[in-house]
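The structure appears below as structure tokens.
Bear in mind that the values in this text are calculations on the coordinates, not laboratory data. Because the structure is predicted, anything quoted here is derived from the model rather than measured. As a convention, Cβ positions derive from the backbone with ideal geometry for all residues, glycine included, and neighbour counts pool all protein chains shown.
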Amino acid sequence: MKLFIHRKDLRTDDLTAFDYLREQEEESVHVLIYDPFLLRQGREKEHSGVNFRRHAARLGEQYRESKQKLHVAYGKPAEVVDFILNQFKGDITEIVVHRDMTPYAMERDRGIRKVSEAHDVTFTQLTDHLLMDLNGFTNFTGKSEPYKVFAAFHRRWVEFMNEHPNPPSAATVADVKVSDCQIEWPEQMQIPQELLEGSVSDNEEPHLLLDQFVVNRMAEYGEHRDEYEAYEPSHLSSYVAVGAVSIRKMYDAANRVAEAEEWIRQLCFRDFYLYRAVYESHYFTYEKVYDLSALHEAHFERWCKAETGIPIIDAAMTELNETGHMPNRLRILTAMFLTKNLQCPFTLGEAYFRRKLSDYDNIQNRGNWLWCASLGENAAPYFRVNNPVTQSEKYDPQGDYIRRWLPVLKDLHSKDIHQPRKDAIVDLKASRQAAIDVYKQILASRKK
């Protein structure tokens, strides 16, 4: 018998593990673990935690609709696994999971592996959330060193995917021999009531969202995606973040239509950040590689509370705080404003987005913040400091986005609505020059 543990794969179709389990032709026990570490410090009530909880609820519904059994537990994953293996008294011979690349995930899996070895059980890690095969791509490129710049990576990635496609699987949980055995969880491993309250499942079908986007809006993506008020995105990012939709199905759908290159390029960017997380030694520790002591937290709270006095920044932060959503163009703008104009350490903004973004993904979020802060191998030049006023004027000339999220400004003329308020916490021109001077020193401080 096998034990399959759901993590960032909250769906019941096109899972690498389902293909693997079907080939094994053995029964498998399926478990979802609510990890207290990932829901600590009130995160379960923030947008990112709510997104996980609603998709976890939907996963349970999908299992029931397929007449299959999903066990749900609460606790440290290694302790939950140890309990399960003890309950089954040698019947389970293999644990199957999908691999994750974050520092916590690797530490968690070392703990699970230690437990599995103590029980003489095989621990198998499969890859599900990458489009490309990492080892296959490395062999394909023939490079001894990993790619550091996206443009070069992108060219080879396109070639690799054309020659080595990764098509979606037709297998679903209904095709797997899921055991209907019962597990009597001890009280401490039962889901706390507060995690179940308000966990209304998401009734929107991600494949329908994908089909609608492919048919109606994908062709316009390359030209209009930065027009954050006028252009409607795919609305799939919160599903991708928890694996509630297959990245392979997204790529496959895009490949079937013309003018999808720019959207596919964004899927490549996602692979690039995952690739960097594996091969770039300082990806999760750049704050220790550079001397960031010249930065400060003076304006951080004002940024969080949408009280900077820069209309587009405050509008974007208001949307984030109220809904958990923020257009990609504005994520870059707010992040660069915090790190450059306000000279705040990127780690504070990164942590704030971790709680507030419905579609939070550790690796993707960190990659974006490193880029905006000009740190790491693939980052914006230190002298790039986007002007929020000109960006607002360019991508939303009438200021409709600002009017929607800052109704107090709704009656202003379109020429005035983008401009800093009288109480703005920084002067954009002066803070830009100061940022250039400071970040030039920061980059020079990099430890060898």
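At 222 nm, what value in deg cm²/dmol follows for the chain if DSSP H runs of at least 4 each add -39500 (n - 2.57) and the sum is divided by all its residues, to the nearest 500? Write out the running numbers ahead of the final one.
Values: 21 runs with 214 residues, N = 448.
Value at 222 nm, helices only, nearest 500: -14000 deg cm²/dmol.
Using only alpha-carbon positions, what ratio does the radius of gyration of the chain give when scaled by 2.2 N^0.38 Å? Walk me through the intermediate numbers first.
Numbers: Rg = 23.1 Å, N = 448, 2.2 N^0.38 = 22.4 Å.
Expressed relative to 2.2 N^0.38 Å, the Cα Rg reads 1.03.
Over 23 Å between Cα atoms, which of 45/69; 8/148; 305/356; 67/356 qualify?
On the way: 45/69 27 Å; 8/148 26 Å; 305/356 12 Å; 67/356 35 Å.
Correct reply: 45/69; 8/148; 67/356.
Rounded, prolate or oblate: which one fits segment 237-339, using the alpha carbon gyration tensor with axes a ≥ b ≥ c (rounded when a/c is under 1.5, else prolate when a/b beats b/c, else oblate)? Display every interim value, and only then the final one.
Numbers: a/c = 2.57, a/b = 1.43, b/c = 1.80.
Oblate, because a/c is 1.5 or more while a/b does not exceed b/c.
Summing +1 for each Lys or Arg and -1 for each Asp or Glu, what net charge is found among the other residues whose Cβ lies under 12 Å from the Cβ of residue 237? Don't skip to the end; give the middle numbers.
Numbers: positive: 270, 331; negative: 359, 361.
Charge balance in the 12 Å sphere: 0.
List the relative contact order of the chain as a percent without decimals, with contacts defined as Cα pairs under 8 Å and 6+ residues apart.
Details: 650 pairs, mean separation 83.6, N = 448.
19 percent.
For residue 374, what charge total do you get from the other residues with a beta carbon under 12 Å from its beta carbon, if Lys and Arg give +1 and Asp and Glu give -1?
On the way: positive: 340, 384, 440, 446; negative: 377.
Charge balance near residue 374 sits at +3.
Express the relative contact order of segment 281-332 as a whole percentage, based on alpha carbon pairs under 8 Å and six or more residues apart in sequence.
Numbers: 23 pairs, mean separation 9.7, N = 52.
Relative contact order, segment 281-332: 19 percent.
Which listed residue (292, 357, 137) has the Cα farthest towards the positive end of the charge dipole for the chain, taking +1 on Lys and Arg C-beta and -1 on Asp and Glu C-beta about the Cα centre?
Among 292, 357, 137, the one farthest towards the positive end of the dipole of the chain is 292.
Taking H placed 1.01 Å from N in the peptide plane, check which residues at least 5 places from residue 95 or on another chain put their amide H under 5 Å from its amide H.
Residues meeting the criterion, in which the H sits 1.01 Å from N, are 3, 122, 123, 124.
Counting other beta carbons within 10 Å of each residue's own, what order do 392, 237, 358, 414 fall into, fewest first? All intermediate terms of the calculation are to be shown ahead of the outcome.
Values: 392 25, 237 18, 358 21, 414 14.
Least to most surrounded, the residues fall as 414, 237, 358, 392.
What number comes out for the charge environment of residue 21, summing +1 per Lys or Arg and -1 per Asp or Glu over other residues with Cβ under 11 Å away? Write down the numbers at each step before the final one.
Details: positive: 2, 22, 177; negative: 19, 23, 25, 26, 27, 94, 175.
Net charge in that neighbourhood comes out at -4.
Based on alpha-carbon centroids, what's the gap between segment 132-203 and segment 336-403 in Å, whole number please?
27
Short version: ³J(HN,Hα) in whole Hz for each residue of segment 443-448, in order, from phi by Karplus 6.51 cos²θ - 1.76 cosθ + 1.60 (θ = phi - 60°), x for Gly and Pro, what are they?
For segment 443-448, the Karplus-derived couplings read 5, 5, 8, 4, 6, 7 Hz, x marking Gly and Pro.
How large is the dipole of segment 1-60 about the Cα centre if only Lys and Arg carry +1 and Asp and Glu carry -1, each at its Cβ, rounded to the nearest 20 debye? Provide the component values of the computation, followed by the final result.
On the way: 11 positive and 11 negative charges, 116 e Å.
Rounded to the nearest 20 debye, it is 560 debye.
With an 8 Å cut-off on Cα pairs and a minimum separation of 6 or more residues, tell me the relative contact order of segment 82-159 in percent.
On the way: 42 pairs, mean separation 24.3, N = 78.
Rounded, it is 31 percent for segment 82-159.
Of the peptides 397-408, 49-60, how do they stack up when ordered by the mean number of other Cβ atoms within 10 Å, highest first?
On the way: 397-408: 17.2, 49-60: 21.4.
Highest mean packing first, the order is 49-60, 397-408.
Specify the inter-centroid distance of segment 1-38 and segment 254-287, based on alpha-carbon positions, in whole Å.
Centre-to-centre (Cα) distance: 25 Å.
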